[in-house]
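Enquirer: This is the structure I have questions about; it appears just below.
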Amino acid sequence: MEFFNFLLILWAGWLIWRRPEKERLAFRLLVASCLLMALLFLIGTHTSLVPGVNL
Amino acid sequence: MTTLSETRLRTLLAWVVIVLTAGPVGGAVWLGVVYGESPCILCWAQRTSMVLIGLVTLFVLRYGPRPRYLGMVVLLGAWGVFMSLRHSALHLARDVGQGFAAPYLGVHTYAWAWFIHWVVLGVVGVLLLLLREEPAGLGPREPGRVGRFAIVFFLLVAAANALQAFVTTGPPPFIGQSDPLRFSLNPRHWVWMNHEEIEGRISLRGSWTIPRPDPANITADPDPSHGPLANPPVLAVQGWERIGPALDGRLTDLALGSPSPAGRGGQGVRALAVTDDFRVYVLDSALSQVQHFVQLDHQFSVDLTPLAGAAFVGDTLAVLSTNKSYVLLRPEANVDAGREWRYFRETSSDITELRRSRFATVRARQMYVLSLAYDAAADELITVSVPSPRHRRLVVSRFARSDMTLASEFLPRLGPGLVAGTDRSLAEYVVTGAVVVDGRLYAISAAYSTLLVIDLATKSVTAAFAVAGLEQPVGIAARGAQLLVAQADGRIAVIERP
């Protein structure tokens with residue numbers, strides 16, 4: 001999924017560079033990538049969501 | 001104040017993208033290719049977050065500093081700081097040099113991610129402070145020469161990351177690993193998985209989810225016949241005594257000690273009682289009169305949870321809270337009232353605080369305690385852990401009086417003639433009081449009302465006795481050939497010391 005996320009980022013970056021008029025699509029790709037990144041982190045930490053220290 | 005035009009802002013942001021992608025993001029790829037270092041699933045999320053910050057910066061470069069882009073950078077920076085703190089917490093408290101994976105310029109990557117996301121938030125704040133208010137432009141801007149280079153460079157580094165991600169994590173639905181293998185371009189060494197990271201139940205605090213015990217109200221089965229040891233012999237209660245004066249709070253431990261040396265005040269000091277209201281009482285040997293008392297300020301300095309343990313260490317009074325924080329006190333004839341005001345909410349004005357700190361354990365880490373004993377022969381203080389749903393171990397921890405640091409720990413084994421039932425163990429006992437006599441640790445358990453006799457030399461339980469009729473035992477003290485088992489209600493069961 002990390003690989004897929006970088007494809008989304010590359011797509012958004014390419015739109016900014018070569019198709020700047022497609023700003024809305026590029027921004028949606030950015031949001032989707034952020035959500036996927038956060039989801040993957042939460043999957044990796046789901047057995048202890050907050051830091052394992054004295055809070 | 002000098003302000004920043006949008007044109008200069010774009011040039012500055014282009015350099016930010018170049019530095020960010022060439023440094024932490026590109027450097028991470030270089031570490032993988034040259035040194036074979038593969039990111040774990042958490043590292044990947046943090047690296048992706050940095051790449052996304054670079055991407056948002058390209059948006060600003062191309063379309064201007066619109067609020068939604070700035071908002072996105074702030075969100076990414078804040079989330080990145082959280083991710084880095086969560087990740088770093090796995091390693092920050094370990095011993096010197098014990099990081100995870102190789103350091104980068106002397107600092108491990110998870111700590112770098114923390115620093116970088118924090119810097120991003122700071123940079124956004126400075127740029128917003130300096131940015132000149134100009135009418136919002138329409139449509140995309142020309143990025144300029146440096147800007148174009150930044151975009152192309154960003155895409156190249158992102159592509160290199162995509163390649164590394166494909167090799168180490170695979171295509172969907174495979175995801176990153178918690179403990180990844182060494183990076184290799186040889187497909188024979190590629191391992192893709194998606195089951196490891198989704199196993200285990202969702203939890204907010206994981207192994208730190210430990211319910212705090214109430215030392216004056218332990219909810220445990222008191223029936224000795226239900227305990228892990230089959231048919232322990234019964235020790236009859238010979239009689240009942242009671243602490244004469246009314247104490248504030250419920251009793252949580254009792255200790256007996258020798259009189260103080262002459263000249264140190266508190267003549268005839270014999271008994272030490274603590275309550276769940278952070279009160280410490282020194283009583284006479286007949287338990288009929290309070291000689292000294294204090295109420296500790298539990299929120300000052302070291303955090304004290306309810307007091308659960310008490311012991312005499314010579315003429316020093318040692319009291320312990322359930323979280324293994326301790327306070328050392330001493331009766332003194334002349335105390336500095338101004339100094340003691342900082343430590344005590346109430347005081348009889350003849351006790352001084354010597355030290356307040358915490359015991360650190362290894363095997364009993366993340367476990368609370370409900371007892372404190374003093375082994376005069378070894379000059380060591382002793383605690384016994386109580387089990388929780390997360391951690392089920394009975395750990396005896398010994399601390400050197402000289403530096404109040406862990407000296408040794410052990411999990412007692414069963415001595416000859418003692419047999420635990422099938423799938424039963426000593427970890428089921430909830431030791432609420434302990435005392436050392438003649439090299440043996442007498443530990444009273446509120447669960448199954450059982451007295452355990454632990455030989456400190458052989459680290460084994462040599463005997464166990466059922467003490468019928470106890471209700472909420474909270475402490476135990478030795479008086480000659482007798483043991484006094486204190487209950488939360490202030491009553492004291494007298495039994496013969498086996």
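Each value in this text was obtained by applying a stated rule to the coordinates, not by laboratory testing. Just so we're clear, the structure is a prediction, and the values are computed from it rather than from any experiment. Methodologically, a virtual Cβ is constructed for each residue, glycine included, from the backbone with ideal geometry; neighbour enumeration extends over all protein chains shown.
Enquirer: Just grab the label-to-label distance for residue B:299 and residue B:481, each label 7 Å out from Cα along the Cβ direction, in nm (one decimal).
Expert: 5.1
Enquirer: Angle check, please: helix B:26-35 long axis (alpha carbons) against the longest principal axis of chain B (alpha carbons), in degrees 0 to 90, nearest 10.
Expert: 70
Enquirer: Measure nothing fancy, just the Cα-based angle from helix B:109-130's long axis to the longest principal axis of chain B, in degrees from 0 to 90, nearest 10.
Expert: Tilt of helix B:109-130: around 60 degrees.
Enquirer: Roughly how tilted is helix B:41-63, in degrees to the nearest 10 and between 0 and 90, from the longest Cα axis of chain B?
Expert: The answer is roughly 40 degrees.
Enquirer: On to the next question. To the nearest 0.05, how large is the calculated FRET efficiency for residue B:285 and residue B:438 if R₀ is 25 Å and r is the Cβ-Cβ distance?
Expert: E between residue B:285 and residue B:438, to the nearest 0.05, is 0.75.
Enquirer: Please report how far the C-alpha centroid of segment B:327-403 lies from that of segment B:156-187, rounded to the nearest whole angstrom.
Expert: That distance is 51 Å.
Enquirer: Go ahead and collect, in residue order, the members of segment A:41-55 whose backbone nitrogen is under 17 Å from a label point 7 Å along the Cα-Cβ direction of residue B:93.
Expert: A:48-55
Enquirer: Whose amide H sits under 5 Å from the amide H of residue B:408, counting only residues 5 or more places off or on another chain, with H placed in the peptide plane?
Expert: When sequence neighbours closer than 5 places are left aside, the close amide H contacts are B:398.
Enquirer: Using 7 Å Cα-to-Cβ label points, what is the residue B:102/residue B:460 separation (nm, one decimal)?
Expert: In this crude label model, residue B:102 to residue B:460 measures out at 5.1 nm.
Enquirer: Let me have the relative contact order for chain B, percent, based on Cα pairs under 8 Å that are six or more residues apart. Please report the intermediate quantities before stating the final value.
Expert: Numbers: 1023 pairs, mean separation 63.8, N = 498.
Result for chain B is 13 percent.
Enquirer: Net charge within 12 Å of residue B:175 by Cβ-Cβ distance, Lys/Arg positive one each and Asp/Glu negative one each, not counting residue B:175 itself?
Expert: Details: positive: none; negative: A:2, B:196, B:197.
Summing Lys/Arg as +1 and Asp/Glu as -1 gives -3.
Enquirer: Could you work out how much longer the chain between residue B:349 and residue B:241 gets when fully extended? Use 0.36 nm per residue separation minus the Cα distance between them, nm to one decimal.
Expert: Values: separation 108, 0.36 × 108 = 38.88 nm, distance 2.87 nm.
36.0 nm is the gain from fully extending residue B:349 to residue B:241.
Enquirer: Give, in nm to one decimal, the length gained when the segment between residue B:411 and residue B:226 is fully stretched (0.36 nm per residue of separation minus the Cα-Cα distance). Present the calculation step by step, with values, prior to reporting the outcome.
Expert: Working: separation 185, 0.36 × 185 = 66.60 nm, distance 2.18 nm.
Using 0.36 nm per residue and subtracting the Cα-Cα distance, I get 64.4 nm.
Enquirer: Which length gain, in nm to one decimal place, applies between residue B:148 and residue B:207 when the Cα-Cα distance is subtracted from 0.36 nm times their residue separation? Can you show the working numbers first?
Expert: Numbers: separation 59, 0.36 × 59 = 21.24 nm, distance 4.89 nm.
Extra length available between residue B:148 and residue B:207 comes to 16.4 nm.
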